[in-house]
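Here the structure comes first, spelled out in structure tokens, and everything after it is commentary.
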Amino acid sequence: MLDHMQRIASTRGYVAALAAVAVVTAVIGAIEASTEIANVPMLYLIAILGAATLAGRGPAILASIASFLSFNWFFLEPIHTLTIGDRNEWFALALFIFTALITGQLAADQRTRAGETAARAREAMLMFDVARMLGDPDLDSALRAVTARLRGALAATAVVVELDGEGLSRRIVAGDAAALSGAAVGSLAAWITSVQPEARASARWIRVMDPRGVGTHQRDERVHAVPLSSEGRRVGALAMHGERRPSAADDRILRAVAAQVASAIERARLRQRATDAEILRRADTLKSALLSAVSHDLRTPLATIVASAGSLRQTEVRWTDAERETFLADIEHEARRLSRIVGNLLDLSRVESGTLRPARGWYDLEALIDDVVGRLRPLTQGHRLEVRVPDDLPPVPLDYVEIDQVLSNLIENAAGHTPPGSAIVVAARVEGDEAVVEVADDGPGIGIDAMDRLFKPFLRGAGREGARGSGLGLAVARGLVEAHGGRIAVRNRPEGGALFAFTLPLDREATPAAATPR
Amino acid sequence: MKQGSGARILVVDDEPAIVRAVRANLGSRGFRVDVAVSAREALERLDAHPDLILLDLGLPDSDGIDLIQALRARGRAPIIVLSAREAERDKVKALDLGADDYLTKPFGVEELLARIRVALRRTLDPGANTPVFRTRGLVVDIEHRRVTLEGEELHLTRTEYELLCALARNADRVVTDAMLLREVWGPAYGDEDHYLHVYVARLRKKLERGPRRPRYIVTEPGVGYRLVTEEPVLR
């Protein structure tokens, strides 16, 4: 990596090589002056080896030539000329330059290989990191991590990933976002398309106009972009932005990462498709359950209505006024029941689709309970209904329509599952940072086996054919309470009967439980 | 049973069975009934100068909300909106745009007649200037800023009093949350909307003393409140 630094390093290498030769020349001079040792000139090989190992091939050759010339100039008769008198000396010198060049080359090769190995190791580490980061199922956070890592590895001002199409459209930038702003380069993918139409379009080196100084400052900043393609289609682009021209290694890294990112995008797309299919499948299951439950639950009131209306219309029997009144009351009563079932169906579809967003305001729970109890009086006429709310109950943040529905369903459920004359107690109080609302009855209670399925739609306990209302009411209640960030539960009271309780957080900022399809 | 005294009512609904039932009931009570099955027809029938309009929000050729604006631009006849239960937002929007009241389908004939009576009464006597409001033992003396319940003076805070006056001025009509906020706190209300319902609940506690009747203020879930002068019919 890094041309520029290499250039500086190699200039230094040549200078150092010459310096090393000078030092060795001085040392040989000192030795020659005092004693006579054979083959002292071989000391030059140390300088040449050093230059080859530390600075590479070029400095090694320079050192070899410089050594050859210095030796000839300073130490061979006639001294201070480049001519050689002795034939033996000629041979020794040729041997020397040959040895020097070969040794230098071998050492330099070794050095190059070591450098390449280190670079490959860095790249391998980078690719390993990228692969690990792309394992994150959240594509956004994966891409954020990858761009940041890549920016560090390439020493770039910024790295950007741009995706387009199929609901995955996004742009993730690490580093100086302004440098790669849309105004500067436009859409990278569009830009690649315009520069080179084929999917394998190569990276381009472009000048970026500073959007802030139109035409006046033309910054010499550069974008190097490679396309992301998956199954032959372009799905986006990966680009780096820097102040220097990217090396071949940079391009290789960018392309390798682009390939990995593209396959991660493909995986994300497949995951998305699988999720969509799962949602569809669940919706389908729900629909089947809905159909069977609805056809059962709607048929009962419809049968009453049709029978009563038919009775009134037939001419063979003369009904008394009281009988006629009973038929009419039945028709109205059952029609209103149908209306409540339809209301719950609509609520359930909102609960199941996860689109429930309670419109919360601060309400007085007592007023809400009074309203619901008052409105349901016709349903609870046969029961003894009692409300217990303390005077100091604080306001509670809730969606009035939804909690009205929850409480209505619980009271209707209690009234429907207990014999006439039973007591129903509606109570509210504060416990910690929650309001608790309870609906208790003194009926037969709930079988252990039914308890955990009570709040699931359409899964009424076996042998409860006589039960009124559908499995809808409690499922809707649970969905609405959970959308408020509360909980709903049922238990049998020790003194007999069932007790349904739900909580509502008093803190409005409480985040509602994620509304996921069930 | 001649209650209608010849008032002319325009029924805008595309459901034949509903139209038939409404027409029969209103006709037998002395109302003159016009019917329109689309928004276009409704605007044409305006030439007959109806005294009141019953408008279904789910018309085939128009967003009912747009039609309300068009009708309001052409006259002041009260509009009662008919809508499905789950459409609270539409109801509120309709009311805030100038509809006078609403009925949720399915509705009973008694409820329908009661709403029509209230709406027609208001056109004859706009009530806003009535200095004293009386109903079932509750007296709101607007001129003297005094409220008595069964002859006993009630001590209300300024906000509670303003709320009661706003509801009394619109007696038997639904008043949306937004209207109440505007009337009591003025157009620049701020955080008060969080507490509107709590203020109303406090006022109700002073007026109604526990869950026992009589009941004066009725909650219209998700829409607003109504001060009722007759005990609501429960069924």
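The values are calculated or read from the model by the stated rules, or taken from the named source; none is laboratory data. Computed from a predicted model, the values in this text were never measured in an experiment. As a convention, Cβ positions derive from the backbone with ideal geometry for all residues, glycine included, and neighbour counts pool all protein chains shown.
The table for this structure:
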item: Selection count, the stretch A:410-425, where residues are β-branched (Val, Ile, Thr), outside any strand (DSSP E or B) and touching a residue at least 40 places away in the same chain (Cβ under 8 Å); result: 1
item: Filter result (in a loop (DSSP other than H, G, I, E, B) and buried (at least 16 other Cβ atoms within 10 Å of the Cβ)) within the stretch B:39-62; result: B:Pro50, B:Asp51, B:Leu57, B:Gly58, B:Leu59, B:Ser62
item: Residue list for the stretch A:367-384, filter: among the charged types (D, E, K, R) and facing chain B (nearest Cβ under 9 Å); result: A:Asp370, A:Asp371, A:Arg375, A:Arg377
item: Matching residues in the stretch A:95-112 - criterion: being more than 60 Å from the chain's Cα centre (by Cα) and under 16 Å from A:Leu62 (Cα atoms); result: A:Phe96, A:Ile97, A:Phe98, A:Thr99
item: Residue count, the stretch B:63-79 (criterion: at pLDDT below 80 and surrounded by fewer than 21 Cβ atoms within 10 Å (Cβ to Cβ)); result: 1
item: Residues of the stretch B:154-178 satisfying the condition of being aliphatic (A, V, I, L, M), crowded, with 19+ Cβ neighbours inside 10 Å and either at pLDDT below 85 or not in a loop (DSSP other than H, G, I, E, B) (or both); result: B:Leu163, B:Leu164, B:Leu167, B:Ala168, B:Val174, B:Val175
item: Count of the stretch A:307-354 residues which are closer than 30 Å to A:Arg282 by Cβ and among the acidic types (Asp, Glu); result: 2
item: Given (1) under 17 Å from A:Gly473 (Cα atoms); (2) within 12 Å of chain B (Cβ to nearest Cβ), index of the condition A:Glu352 fails; result: (2)
item: Residue in the stretch B:56-64 that is in contact (Cβ under 8 Å) with a residue 60 or more places away in the chain and either under 17 Å from B:Asp13 (Cβ atoms) or in contact with a strand residue (DSSP E or B) (Cβ under 8 Å, 6 or more places away or on another chain) (or both) present; result: no
item: Members of the stretch A:50-95 that are surrounded by 15 or more Cβ atoms within 10 Å (Cβ to Cβ) and among the polar types (S, T, N, Q); result: A:Thr53, A:Ser64, A:Ser67, A:Ser70, A:Asn72
item: Scope the stretch A:22-56; condition touching a residue at least 40 places away in the same chain (Cβ under 8 Å) and within 60 Å of the chain's Cα centre (by Cα); matching residues; result: A:Leu45, A:Ile48, A:Leu49, A:Ala51, A:Ala52, A:Thr53, A:Leu54, A:Ala55, A:Gly56
item: Search result, residues across the stretch A:289-322 that are modelled with pLDDT of 85 or more and among the hydrophobic types (A, V, I, L, M, F, W, C); result: A:Leu302, A:Ala303, A:Ile305, A:Val306, A:Ala307, A:Ala309, A:Leu312, A:Trp319, A:Ala322
item: Residue within the stretch B:80-91 that is modelled with pLDDT of 85 or more and part of a loop (DSSP other than H, G, I, E, B) present; result: no
item: Enumeration of residues in the stretch B:80-90 that are within 14 Å of chain A (Cβ to nearest Cβ) and surrounded by 14 or more Cβ atoms within 10 Å (Cβ to Cβ); result: B:Ser83, B:Ala84, B:Arg85, B:Glu86, B:Ala87, B:Glu88, B:Asp90
item: Residue check for A:Arg460: modelled with pLDDT under 85, closer than 30 Å to A:Asp284 by Cα, of a type in the set (Lys, Arg) and in a loop (DSSP other than H, G, I, E, B); result: yes
item: Residue satisfying all of: in the stretch B:95-109; touching a residue at least 24 places away in the same chain (Cβ under 8 Å) and assigned to a loop (DSSP other than H, G, I, E, B); nearest to the other protein chains (Cβ to nearest Cβ) among these; result: B:Gly108
item: From A:Val406, A:Val401, A:Val387, A:Val436, residue being at pLDDT 90 or above and within 10 Å of chain B (Cβ to nearest Cβ); result: A:Val387
item: Neighbours by Cβ (under 8 Å, 6+ apart or cross-chain): first from the stretch B:189-216, on the phi > 0 side of the Ramachandran plot; second modelled with pLDDT under 85; result: none
item: Residues of the stretch A:426-452 that turn out to be loosely packed, with under 14 Cβ neighbours inside 10 Å and without any contact (Cβ under 8 Å) to a residue 24 or more places away in the chain, as a count; result: 5
item: Verdict on A:Leu346 being facing chain B (nearest Cβ under 9 Å), under 29 Å from A:Gly496 (Cβ atoms) and within 46 Å of the chain's Cα centre (by Cα); result: no
item: Search result, residues across the stretch B:154-177 that are closer than 27 Å to B:Leu82 by Cα, within 14 Å of another protein chain (Cβ to nearest Cβ) and over 14 Å from the mean Cα position of the chain (by Cα); result: B:Leu163
item: Those residues of the stretch A:327-343 which are within 10 Å of chain B (Cβ to nearest Cβ) and either assigned to a loop (DSSP other than H, G, I, E, B) or under 44 Å from the mean Cα position of the chain (by Cα) (or both), in sequence order; result: A:Ser339, A:Arg340, A:Val342, A:Gly343
item: Some residue of the stretch B:142-153 being in a helix (DSSP H, G or I), away from chain A (no Cβ under 14 Å) and either under 21 Å from B:Arg115 (Cβ atoms) or among the hydroxyl-bearing types (Ser, Thr, Tyr) (or both); result: no
item: Failed item in (1) within 30 Å of A:Arg357 (Cα to Cα); (2) touching a residue at least 24 places away in the same chain (Cβ under 8 Å), with B:Val37 passing the rest; result: (1)
